[in-house]
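Chemist: Handing you a structure now.
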Amino acid sequence: MLKTKHGTVKTPALMPVIHPKKQKIDVKKFDTEIVITNAYLVYKDEELREKALSEGIHKLINFDGPVMTDSGSFQLSVYGDVDISNKEVIEFQEAIKTDIGTSLDIPTAPYETIEKTKEDLKITLERAKEAVEYKEAKNMEMLLNSVVQGSTYPELRSYCADELSKLNADLYPIGAVVPLMENYKYRDLVDVVMSSVSHLPDSTPRHLMGAGHPMLFALAVAMGCDLFDSAAYILYAEDDRFLTTRGTYKLENLQEMPCSCEICNNYTPDDLRAMEKEERTKLIAEHNLNVSFAELRVVRQAIIDGDLMELVEERCRVHPMLLDACRQLDKYTDDLEIYDPRIKKSAFFYTGSESLRRPEVTRHLNKLKNMDKKRDLVILPKSRKPYSKYINKSDFGDFYTYGSERDLDLDNTDFMVLDVPFCLIPLDIDEVYPLSQNESPKINDIDSIEFIENFISEFIEYYDQTLISSKIIDLLGIGLYNIHPDSDNVKFIKDDERKVKAIADYQFGNGVGEFLFEGNLKIEKSKKTGKIRHIYSNGTLIANMRASDSFFVLAKEGAKRLHSFKAFPENRVVVNKDSEPFAREGKSVFSKFVLDCDINIRSKDEVLIVNEDDELLAFGKALLNHNEIMDFSTGQAIKTRKGFG
Ligand code: GUN
C-alpha cells in the first residue's frame, strides 16, 4: 500500500503516463489508481504552468487520485540539459500540489564508463540530499522520490541505494533502465534491480521507471518492485503495436485480435487497419492498458496464492532473453529466500530446471546441510508422496546393495528419499510443506539431473561413514541401499515419536525435538485421517500439528520449552516496554514496538515474544520476515496466539 494525500494505492500498481498537453485517452475507465506526468513539461509551457500553479496538477490533467510527477531528468538524458535547477523543480512540484515529486537525478546510460557513472552519481546523490533537506526545511506536504542510478555497475547501484536509504525519502525509483528493456538486456536488468533493491529499505516502495510492458511485471514484482509507469501503452499504440504478456504484436501481421479485452472482442484487425490513425491509436492504447492492468491483477493474485515464481517462470518463457533473466535470478536466491513465506496456500509446481533455484528448494537444501546427522545415510527410491506412507518393508527387496559389511543401526541412520525437486527428503519430515505439497513431471533434462546429482554427491560427503555408494546416480527410481530386507526392524518409518522430533528440529532448529518432546509422550491422531494432531508430554499439551502443512503450532508449554532451550535471540521477537502489557494479554505485536528479532525469522514462522530481559511474554505467528519487521514502522508484525499474562 502506498499512502498519499489523494488516497491510498494498492501495490503493485501501474501508473499510466499522462501527457499534460496531448493526452487523448481517459485512463480513469481502467483500474487506474495513480498516474504519473511530467512536471518539467508543465513548467516549460507557460499556459500549462499558469494553470497548474493556480488550479493544481490534478485539475490540469483531470485526475483526482494520486499524481506522481517526474522532474525533467528524462529530458536531461535526451537533450543533455534542462533549464531548471533541482531546487526549482522541487519547489515547482510542491506548488502545483503533486502527491509525489522527484528530484533532478542524472540518468546514466547502461554501459557508461565507470568514471562518468561515478561523476553522475555524485551529482544525483547531492541533489537527492538537497531535495530531502529542502522538503523538510519547507515542511512540504508532497512525498519525494529519490532515484537509484549507477548505470550497469551493481556495486554502484548498491552504493547509491545505501546512500539514498540514509535520506529517508518516501519512494525509491530505479532509474535509467529503459535502454536495457528496449534492447532486451533483461539479464543486466536483473543485476541492476537486485543490486539496488537489496540495499533499499523494505518499507519504502520501489518504482521501476519506464517499465510498462506487461510481460515484465511478474519478474519485476518478484524482484521487489512495487510501481510501474506506462508510456508504452500510448507509444506502442502510435506505432500500431499491441502489448501482450506474450510479447508485442504488430497490427500489420495480425489476422486475429490478441486477447479477449473489450477492444479485441469488438474489432477485427481489418476494422482497425481501415480506421483513421487517431481512432485506431486510441483503441490500441485502450487494449494496451486493458492488458497491462489485467496482468497486474494476475500478479497480485499470484502473490496472494504464493505462486508468483511459477508465474515468473511461465512469463519468462515468452522470450529467450527473459528466460536468461529468470535464470539470472539464481544469483540472488538467498536475497529472494528472505522474502519467501515459509508456508503458502498453493503447492510448489516444478516448471523446469529454473524451479530448482527457487527459494523453497534453497531453503530445504540449506536445512539439510545444517541438520544433525545420524551416523549413516540410506537413500531410498522415489515413490509416491508423502513417502513415509508408501515405502514399506517390501520395497527393500528391490534395493541395490553396495558392499556394506555391517548391519544398519536403524536408530542411527537417516533415511532419505531421492526427490524432484527437493533432491533428498528425510522420511521423517516428508509431510511438511512443501516437501509433499508439490508436483513435478518425470524429469529428463540435463540441467535438473545435474543439479540433483551434484547436490547429492556433495551431501553424502558430510557423512563420515556413509554407507552410500557414490554410484548413487542411477537417478530416480533405483533404490540404493543396503537395508536388510529380512530385518524385522522397520519401525523407523512408522515411528511417530521420531517423526515429531524430526519435524520440530526442521522447524525450530537442531536439538529442539528432543527437548520439546521430552517426558512421557502421548501422540493423538485424527480418527478420520490418521494424521498426528496433538502432542502431550506428561499430560500437558505441547503442540498441535497443522493438518495442511504438518508444521507445529505451539501450545503454552511448548513455547516455554522452546524458550528455555533456544538461546536469545533465536526464534524470538523482542518488544519494547510499551508493548509488553499488550503482548502479555495476547494482543498482536506491531512492527514499531519491535526492538530486535532473530535474523532467520520468515513470514509464517512460529515465534516467541519476549522483552529486553528475555522474559517470555507471549508467542505467535510472524506475518513478516526479519527485515520487514525491523524496517516497518506501521502494521502488524506478529499475530499473537497466546500471552502469558
Ligand atoms: N524516467 C525513465 N527513466 C528515468 C530516470 O532514470 N530518472 C527519472 N527521473 N525519470 C526517468
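Chemist: Could you say whether any residue in segment 141-159 is modelled with pLDDT under 95, away from the ligand (no atom under 14 Å from the Cβ) and either surrounded by 23 or more Cβ atoms within 10 Å (Cβ to Cβ) or in a loop (DSSP other than H, G, I, E, B) (or both)?
Modeler: yes
Chemist: Another question about this same structure. With respect to residue 79, is the statement that it is hydroxyl-bearing (Ser, Thr, Tyr) and buried (at least 19 other Cβ atoms within 10 Å of the Cβ) true?
Modeler: No.
Chemist: Only one of 566, 587 is of a type in the set (D, E, K, R), modelled with pLDDT of 95 or more, farther than 14 Å from residue 617 by Cα and under 31 Å from the mean Cα position of the chain (by Cα); which?
Modeler: Result: 566 is the single residue among 566, 587 that is of a type in the set (D, E, K, R), modelled with pLDDT of 95 or more, farther than 14 Å from residue 617 by Cα and under 31 Å from the mean Cα position of the chain (by Cα).
Chemist: Could you list, in sequence order, the residues of segment 55-103 that are in contact (Cβ under 8 Å) with a residue 40 or more places away in the chain and of a type in the set (Val, Ile, Thr)?
Modeler: Residues satisfying the conditions are 57, 61, 67, 82, 84, 89, 90, 96, 98, 100, 102.
Chemist: Taking the criterion of being of a type in the set (Val, Ile, Thr) and either under 30 Å from the mean Cα position of the chain (by Cα) or more than 16 Å from the ligand (Cβ to nearest atom) (or both), would at least one residue in segment 37-45 satisfy it?
Modeler: yes
Chemist: Looking only at segment 77-90, count how many residues are among the charged types (D, E, K, R), assigned to a helix (DSSP H, G or I) and modelled with pLDDT under 95.
Modeler: So the answer is 0.
Chemist: Let me ask another. Among the candidates 170, 202, 191, 162, which residue alone is surrounded by fewer than 24 Cβ atoms within 10 Å (Cβ to Cβ), within 15 Å of the ligand (Cβ to nearest atom) and acidic (Asp, Glu)?
Modeler: Exactly one of 170, 202, 191, 162 is surrounded by fewer than 24 Cβ atoms within 10 Å (Cβ to Cβ), within 15 Å of the ligand (Cβ to nearest atom) and acidic (Asp, Glu), namely 170.
Chemist: Being more than 28 Å from residue 140 (Cα to Cα) and either more than 10 Å from the ligand (Cβ to nearest atom) or surrounded by fewer than 16 Cβ atoms within 10 Å (Cβ to Cβ) (or both) is the filter here; which residues of segment 102-126 pass it?
Modeler: The answer is 109, 110, 111, 112, 113, 114, 115, 116, 117, 118, 119.
Chemist: I'd like to check something: does segment 237-257 contain any residue that is within 15 Å of the ligand (Cβ to nearest atom) and under 24 Å from residue 78 (Cβ atoms)?
Modeler: no
Chemist: Hey, among 613, 549, 605, which residue is closer than 26 Å to residue 1 by Cβ and not hydrophobic (A, V, I, L, M, F, W, C)?
Modeler: None of the other options fit; the residue is 605.
Chemist: Further question: Name every residue in segment 22-31 that is assigned to a loop (DSSP other than H, G, I, E, B), surrounded by 14 or more Cβ atoms within 10 Å (Cβ to Cβ) and touching a helix residue (DSSP H, G or I) at 6+ places or on another chain (Cβ under 8 Å), in order of residue number.
Modeler: The answer is 25, 30, 31.
Chemist: If you go through segment 128-135 one residue at a time, do you hit one that is free of Cβ contacts under 8 Å to residues at least 40 places away in the same chain, touching a Phe, Trp or Tyr at 6+ places or on another chain (Cβ under 9 Å), part of a helix (DSSP H, G or I) and within 16 Å of the ligand (Cβ to nearest atom)?
Modeler: no
Chemist: Kindly indicate whether residue 531 is of a type in the set (Lys, Arg), closer than 30 Å to residue 443 by Cβ, crowded, with 22+ Cβ neighbours inside 10 Å and at pLDDT below 95.
Modeler: Considered against the rule, which asks whether it is of a type in the set (Lys, Arg), closer than 30 Å to residue 443 by Cβ, crowded, with 22+ Cβ neighbours inside 10 Å and at pLDDT below 95, residue 531 comes out as no.
Here is a yes/no grid of residues against (1) of a type in the set (Lys, Arg); (2) assigned to a loop (DSSP other than H, G, I, E, B); (3) modelled with pLDDT of 95 or more; (4) under 26 Å from residue 345 (Cβ atoms):
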{"site": "577", "(1), (2), (3), (4)": "yes, yes, yes, no"}
{"site": "600", "(1), (2), (3), (4)": "no, yes, yes, yes"}
{"site": "621", "(1), (2), (3), (4)": "yes, no, yes, yes"}
{"site": "629", "(1), (2), (3), (4)": "no, no, yes, yes"}
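Here is a yes/no grid of residues against (1) crowded, with 17+ Cβ neighbours inside 10 Å; (2) assigned to a helix (DSSP H, G or I); (3) in contact with a Leu (Cβ under 6 Å, 6 or more places away or on another chain):
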| position | (1), (2), (3) |
| --- | --- |
| 284 | yes, yes, no |
| 289 | yes, yes, no |
| 297 | no, yes, no |
| 313 | yes, yes, no |
| 316 | yes, yes, yes |
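Chemist: Here's another thing I want to ask about it. When segment 318-344 is examined, which residues are found to be part of a loop (DSSP other than H, G, I, E, B) and closer than 24 Å to residue 599 by Cα?
Modeler: 339, 340, 341, 342, 343, 344
Chemist: I'm told residue 383 meets every condition in (1) modelled with pLDDT of 90 or more; (2) closer than 23 Å to residue 441 by Cβ; (3) among the polar types (S, T, N, Q) except one. Can you identify the failing condition by its number?
Modeler: (1)
Chemist: Here is a follow-up. Looking only at segment 446-468, filter to residues that are part of a helix (DSSP H, G or I), β-branched (Val, Ile, Thr) and within 17 Å of residue 417 (Cβ to Cβ); which one of those is modelled with the lowest pLDDT?
Modeler: Applying the filter and picking the extreme gives 460.
Chemist: Continuing with the same structure: Take the residues in segment 173-188 that are touching a helix residue (DSSP H, G or I) at 6+ places or on another chain (Cβ under 8 Å) and within 16 Å of the ligand (Cβ to nearest atom); name whichever of them is farthest from residue 128 (Cα to Cα).
Modeler: Result: 185.
Chemist: Residues in segment 151-170: is at least one within 30 Å of residue 24 (Cα to Cα) and either of a type in the set (Phe, Trp, Tyr) or in contact with a Cys (Cβ under 6 Å, 6 or more places away or on another chain) (or both)?
Modeler: Checking segment 151-170: not a single residue is within 30 Å of residue 24 (Cα to Cα) and either of a type in the set (Phe, Trp, Tyr) or in contact with a Cys (Cβ under 6 Å, 6 or more places away or on another chain) (or both).
Chemist: Given the criterion aliphatic (A, V, I, L, M) and in contact with a helix residue (DSSP H, G or I) (Cβ under 7 Å, 6 or more places away or on another chain), identify the matching residue among 14, 76.
Modeler: The conditions single out 14.
Chemist: Here is a further query. Any idea which residue in segment 69-89 is nearest to residue 35 (Cα to Cα), counting only those that are small (Gly, Ala, Ser) and away from the ligand (no atom under 14 Å from the Cβ)?
Modeler: 85
Chemist: If you don't mind, another one. Considering 620, 645, which residue is surrounded by fewer than 20 Cβ atoms within 10 Å (Cβ to Cβ), touching a Lys or Arg at 6+ places or on another chain (Cβ under 7 Å) and not aromatic (Phe, Trp, Tyr)?
Modeler: Answer to the selection: 645.
Chemist: Suppose the filter is more than 12 Å from the ligand (Cβ to nearest atom) and crowded, with 17+ Cβ neighbours inside 10 Å; does residue 63 pass it?
Modeler: yes
Chemist: I've got another one for you. Please verify whether residue 93 is closer than 20 Å to residue 235 by Cα, within 15 Å of the ligand (Cβ to nearest atom) and not in a loop (DSSP other than H, G, I, E, B), treating the condition exactly as stated.
Modeler: no
Chemist: Within segment 206-233, how many residues turn out to be away from the ligand (no atom under 15 Å from the Cβ), in a loop (DSSP other than H, G, I, E, B) and in contact with a strand residue (DSSP E or B) (Cβ under 7 Å, 6 or more places away or on another chain)?
Modeler: Count: 2.
Chemist: Then there's this: Which one of these does residue 105 not meet: (1) among the acidic types (Asp, Glu); (2) modelled with pLDDT of 95 or more; (3) in contact with a Lys or Arg (Cβ under 9 Å, 6 or more places away or on another chain); (4) over 14 Å from residue 124 (Cα atoms)?
Modeler: For residue 105, the failing item is (4).
Chemist: Can you find, within segment 353-377, the residue that is farthest from residue 222 (Cα to Cα) among those that are at pLDDT below 95 and part of a loop (DSSP other than H, G, I, E, B)?
Modeler: Among those that are at pLDDT below 95 and part of a loop (DSSP other than H, G, I, E, B), it is 375.
The values are calculated or read from the model by the stated rules, or taken from the named source; none is laboratory data. Model, not experiment: these values are computed from the prediction. Virtual Cβ from ideal backbone geometry, glycine too; neighbours counted across all protein chains shown.
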